Amino acid sequence: MEKKPLGVLIMAAGKGTRMKSALPKVLHPILDRPMLGCLLQSVLSLEGAEVAVLVGSGGEEVCAYLECFPTVHPIWQREQLGTAHAVKSAQSWWEEFENLLVLNGDLPLLQASTLTHFLNEHLKSNSVCSLLSFQTETPGSYGRVVRRQESVSIVEYKDATEEERRIKEVNAGCYAFSVSSLTRVIDKVRNDNAQGEYYLPDVVALLGGSGGCIQATLAPECEMLGINTQAELAEAAARLRERIVLGWMERGVRMMDPASVWIGLDVSLEQDVTLMPDVQLWGRTEVGVGSSIGSGCILRNAVLGKNVRLSAYVVVEDSVLDDEAKAGPFAYIREHSHLEREALAGKFVELKKTHVGRSSKVPHLTYMGDATLGEDVNIGAGSVTCNFDGREKHATKIGDRCFVGSDTMMVAPVVLGDDSVTAAGSVITQDVPPGALGVGRARQRNIEGWSLRKNRKEQGG
Ligand code: UD1
Ligand code: CA
């Protein structure tokens, strides 16, 4: 039977002990995406490749995540006895291919272009195995690439001599094999080493030893970091952050202090967006042309139109702000809220599941939950929708051109008709008809001479 051209096997079954975490290592997020997802994005861009992921430790969780990638095939490695054992566990899958690319699952910075170039070089050469290596000043626990005359082999740090440990070229954990050659040697790997594991790098030595051509290609260090510890994860995130921020500046986004800005992998920004220092943009956030985001703002799944102005310290989650809307400083716009064009959510305002109609203003100190505001509404300072009765949430509807007096409590469910007004300090428990004034407060009375009499009494008069 004719073989398929290329299989890609990602090894993600290891325990990841050095992370000291209950979360499987490959699911640790880098920025806001699991590191396995970062690698898969690069891998899935390879044309004509079939992709499988080895799962084992924390495998149920990893499989659940892989459901986001319907074309990716999970393969179980029930016992984790090392990287060569991992590859062996998937043999019945990869035997159907001409060539096999094997990747460590903890390589989140590897870019699609590097991978494509590496594969093309492997296919052009007549190597039985190609691998990516990189030069580093901090070779740490990486396997060392030992080059002797024509031969290339890898020595694991724990098995290396003092002299070998001084080598600064290391194995990145990215290999391409001709499948027929791999099949010949995979069963010959032994585990008589410092860790008692079956090492995939030993396959390289076995192939070299049997006369095959091995090609180790140098790759940029910034893409090849392998993540084993929390500190390495943070370092990789910092590098990815920088890559993303530079990319957006190239596309016309202005940043006063790019070093303090964090932008997730699924964010999209348009030209002439301005980001002030300490901004964080996550999830599927989108920001339209000319909008500006003030210092300390955190946006997650926020969709902002054109020329939106967020001043300092605005948090927006799962909400939409149309063109020319404004918010902040210090506003919290929560799930399923929508500010229409030119609407405002001002100082110390919290909105939840609230629709603010065109040009309506909620300027200060207000909570609006489960509310719908029409157009040209003004909400006075200190007003609150009392949307929760202790059991259920209820809706408040505020019509067009309403003027809600300061410190109005709207006890939901309640409707304020178009053009209605509420008196400051009112507790509104009944609907207010269109055009009416709703007053719901005790009438003030003044007691003449009260204070004078009190003072006289206290002075014993
Ligand atoms: C490995 C290489 C080392 C290289 C380094 C690059 C080996 C023996 N050593 O070391 O030469 O410099 O990567 O980062 O391969 N895994 C399984 N099943 C197992 C064991 C591991 O799926 O039984 C997976 C892990 O989940 C991980 C990957 O293989 O994604 C690499 O394993 P890891 O333990 O991180 O290897 P390193 O010690 O980093
Ligand atoms: Ca590793």
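Which one of the conditions (1) farther than 25 Å from P24 by Cβ; (2) in contact (Cβ under 8 Å) with a residue 60 or more places away in the chain; (3) away from ligand 2 (no atom under 14 Å from the Cβ) does N191 fail to meet, given that it meets all the rest?
(1)
Is it true that L246 is within 15 Å of ligand 1 (Cβ to nearest atom) and over 30 Å from L123 (Cβ atoms)?
no
Could you check segment 190-207 and list, in sequence order, the residues that are more than 10 Å from ligand 1 (Cβ to nearest atom) and crowded, with 19+ Cβ neighbours inside 10 Å?
Listed by number, the residues that qualify are A205, L206, L207.
For E47, work out the one condition from (1) modelled with pLDDT of 95 or more; (2) part of a loop (DSSP other than H, G, I, E, B) it doesn't fulfil.
That leaves (1) as the condition not met.
Could you grab me the full set of residues in segment 421-438 that are farther than 18 Å from T366 by Cα, crowded, with 16+ Cβ neighbours inside 10 Å and among the hydrophobic types (A, V, I, L, M, F, W, C)?
V432
Please specify each residue of segment 149-177 satisfying the condition of being part of a loop (DSSP other than H, G, I, E, B) and either touching a Gly at 6+ places or on another chain (Cβ under 7 Å) or more than 13 Å from ligand 1 (Cβ to nearest atom) (or both).
Within segment 149-177, Q149, E150, E156, T161, R166 meet the criteria.
Could you list, ordered by first residue, the pairs with Cβ atoms under 9 Å in which the first is in segment 93-108 and in contact (Cβ under 8 Å) with a residue 24 or more places away in the chain and the second is buried (at least 24 other Cβ atoms within 10 Å of the Cβ) and polar (S, T, N, Q), at least 6 apart or interchain?
Short answer, once both residue conditions are applied: V102/T83; N104/T83.
Yes/no matrix, rows are residues, columns are (1) over 19 Å from L131 (Cα atoms); (2) within 16 Å of ligand 2 (Cβ to nearest atom); (3) without any contact (Cβ under 8 Å) to a residue 60 or more places away in the chain:
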{"position": "P5", "(1), (2), (3)": "no, no, no"}
{"position": "G37", "(1), (2), (3)": "yes, no, yes"}
{"position": "A49", "(1), (2), (3)": "no, no, yes"}
{"position": "A64", "(1), (2), (3)": "yes, no, yes"}
{"position": "H85", "(1), (2), (3)": "no, yes, no"}
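Looking at D272, is it surrounded by 14 or more Cβ atoms within 10 Å (Cβ to Cβ), in a loop (DSSP other than H, G, I, E, B) and within 17 Å of the chain's Cα centre (by Cα)?
No, not satisfied.
In the list V128, V146, which residue meets the criterion of being of a type outside the set (S, T, N, Q) and within 15 Å of ligand 1 (Cβ to nearest atom)?
Exactly one residue qualifies, and that residue is V146.
Being surrounded by fewer than 21 Cβ atoms within 10 Å (Cβ to Cβ) and under 34 Å from the mean Cα position of the chain (by Cα): is that true of T136 here?
So T136 fits the description; yes.
The values are calculated or read from the model by the stated rules, or taken from the named source; none is laboratory data. Since this is a predicted model, take the numbers as computed values, not measurements. Note that we place each Cβ from the backbone using ideal geometry, even for glycine, and neighbour counts take in every protein chain shown.
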